[in-house]
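The next block holds one structure in the form of structure tokens; read it before the comments.
The values are calculated or read from the model by the stated rules, or taken from the named source; none is laboratory data. Here the structure is a predicted model, which means the values were calculated and not measured. FYI the Cβ positions are ideal-geometry reconstructions off the backbone, even for glycines, and counts take in every protein chain you see.
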Amino acid sequence: MAIAGKEFGNVLRLPQGRIAGVVASVPKRVVGNDHFLQTYSADEVGNIEKMVGVKERRWVDLGQTTADLCAAAASRLLEQLQWAPESIDALIFVSQTPDYRLPATASVLQDRLGLGRHCAAFDVNLGCSGYVYGLWLAMQMLQGGGMSRVLLLVGDTISKVVDPADRASAMLFGDAGSATAVEAGGSGGTFVLGSDGAGAPNLIIEQGAFRQPAAGQREGGRNPACLRMDGGEIFNFTLKVVPGLVNALHAAAGVAGSVDYYLFHQANQFMLKHLAKKAKLKEDQVPINIDRYGNTSSATIPLLMSTELSEILTLEKKSVAMCGFGVGYSWAGALLEVGPLKVLERIEA
Amino acid sequence: MQAFVEEMAEILGVAPADLVPDFKLADGAWDSLAIVSTIASVDEHFNVIVEARALGDCETFANILALAKQGA
């Protein structure tokens, strides 16, 4: 993978935009690692727990979708902020597990949440980097002055697409949704966005869309209609991109020593600890919740804010760096001031 | 170097004394998770990012050492 020229992406400075509130929602069903003893040996389960760091995760039941989780989060958020549904100018739904192949889930959610017909609504197909991309997009839409409030709904239910026979991914992923209220004003943020599609085969669901319609047959011991992940390749990518992404954000904003928190996509606990050590970050600057929720794909960063920083960010303003990286390959970093937020909470749906 | 050997021994599930250069990786717990751990261990001790595919082709501990030293 060659990363040259602009190294880790364009540096994009948005002069205004602020997060007004965040609600993350998780399914009620808690799945502990003992669930996997039906399929794998105790040694295998123990080894994977040690490596990926997940002790339990939340999984949806068959009838519950990402849109359901996001709708519950959005309703709670609007109620807590006392934002009238008709005051929302745009709804962005970021997910790789939408309700339908068409129409866009955002359109369905616009009606479900009672938003006005003037509300722009569209889907964005991104995973691990999706929250930061969505935040950039939401803030970008506020720059022109034509819009003042954007509802960013981000989440995934990867439990529905993991291959139960693939122990590393079956135990890694959890489900979650989120809603973030973004409004005009505030101090905006600095963003760095990048992609490298050469890594696409290393984290992929090959069948089920239009390149390869689902055949439903196993090939070479695996199901191509389920998620395939090459952990070693993903780790190589992460090590090459994330430290540089953090440095690029520091350089762009000129704030190396003054970032309060680094919110990394919760990819894998072992990987996160290694990255934090490599980047010489203090443990208390790098919150982790993957042990309780697993890797929730696009929802990890808002979920992390809601479970680890709720107290501090509802009281104070902090300088926060966010880094999403993975499927695509795609990566995005943001550096912005967050807080004091009127609402930052985690709910069950 | 000794710290690296001890870490690799833990990853492979063998005693450090048994981890001689011609140790066959197939005789230890050498799987996709071990490859991820090895990438981290080599990065920490040698400041080198070894490619997962190259590690997948390794047959002995000496092959891993060669990759680590090649990049250092």
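Out of the helices (runs of 4 or more DSSP H) lying entirely within the stretch A:37-152, which hold 2 or more residues that are at pLDDT 95 or above and over 30 Å from A:I288 (Cβ atoms)?
Values: elements: A:42-52, A:66-81, A:105-112, A:130-142.
Filter on the stretch A:37-152 gives A:105-112, A:130-142.
Residues checked against (1) charged (D, E, K, R); (2) surrounded by fewer than 18 Cβ atoms within 10 Å (Cβ to Cβ); (3) out of contact with any Phe, Trp or Tyr (no Cβ under 8 Å at 6 or more places or on another chain):
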| site | (1), (2), (3) |
| --- | --- |
| A:G232 | no, no, yes |
| A:K240 | yes, yes, yes |
| A:A248 | no, no, no |
| A:S258 | no, yes, yes |
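Looking only at the stretch A:71-95, which residues are under 21 Å from A:A176 (Cβ atoms) and in contact with a helix residue (DSSP H, G or I) (Cβ under 7 Å, 6 or more places away or on another chain)?
Once the filter is applied, which keeps residues that are under 21 Å from A:A176 (Cβ atoms) and in contact with a helix residue (DSSP H, G or I) (Cβ under 7 Å, 6 or more places away or on another chain), the stretch A:71-95 yields A:A71, A:L78, A:L91, A:I92, A:F93, A:V94, A:S95.
Could you tell me whether any residue of the stretch A:188-201 is assigned to a loop (DSSP other than H, G, I, E, B), within 30 Å of A:N10 (Cα to Cα), in contact (Cβ under 8 Å) with a residue 60 or more places away in the chain and more than 14 Å from every other protein chain (Cβ to nearest Cβ)?
Yes, the stretch A:188-201 has at least one match.
With the condition kept exactly as written, say whether any residue in the stretch A:153-167 is away from chain B (no Cβ under 14 Å), crowded, with 19+ Cβ neighbours inside 10 Å and of a type in the set (S, T, N, Q).
Within the stretch A:153-167, one or more residues are away from chain B (no Cβ under 14 Å), crowded, with 19+ Cβ neighbours inside 10 Å and of a type in the set (S, T, N, Q).
Every residue in the stretch A:76-91 that is in contact (Cβ under 8 Å) with a residue 40 or more places away in the chain and among the polar types (S, T, N, Q), please.
A:Q80, A:S87
Just one of (1) in contact with a Gly (Cβ under 9 Å, 6 or more places away or on another chain); (2) under 21 Å from A:L14 (Cβ atoms) trips up A:N295, so point out which.
Every condition holds for A:N295 apart from (2).
Which residue is nearest to the other protein chains (Cβ to nearest Cβ), if the candidates are limited to the stretch A:246-276 and must be within 18 Å of A:K50 (Cα to Cα) and of a type outside the set (S, T, N, Q)? Even if it seems obvious, please write down each step before you answer.
First, the residues of the stretch A:246-276 that are within 18 Å of A:K50 (Cα to Cα): A:266-276.
Among the residues that remain, those that are also of a type outside the set (S, T, N, Q) are: A:267, A:270-276.
On the way: A:A267: 11, A:F270: 7, A:M271: 8, A:L272: 11, A:K273: 9, A:H274: 5, A:L275: 10, A:A276: 12 Å.
By that ranking, first place goes to A:H274.
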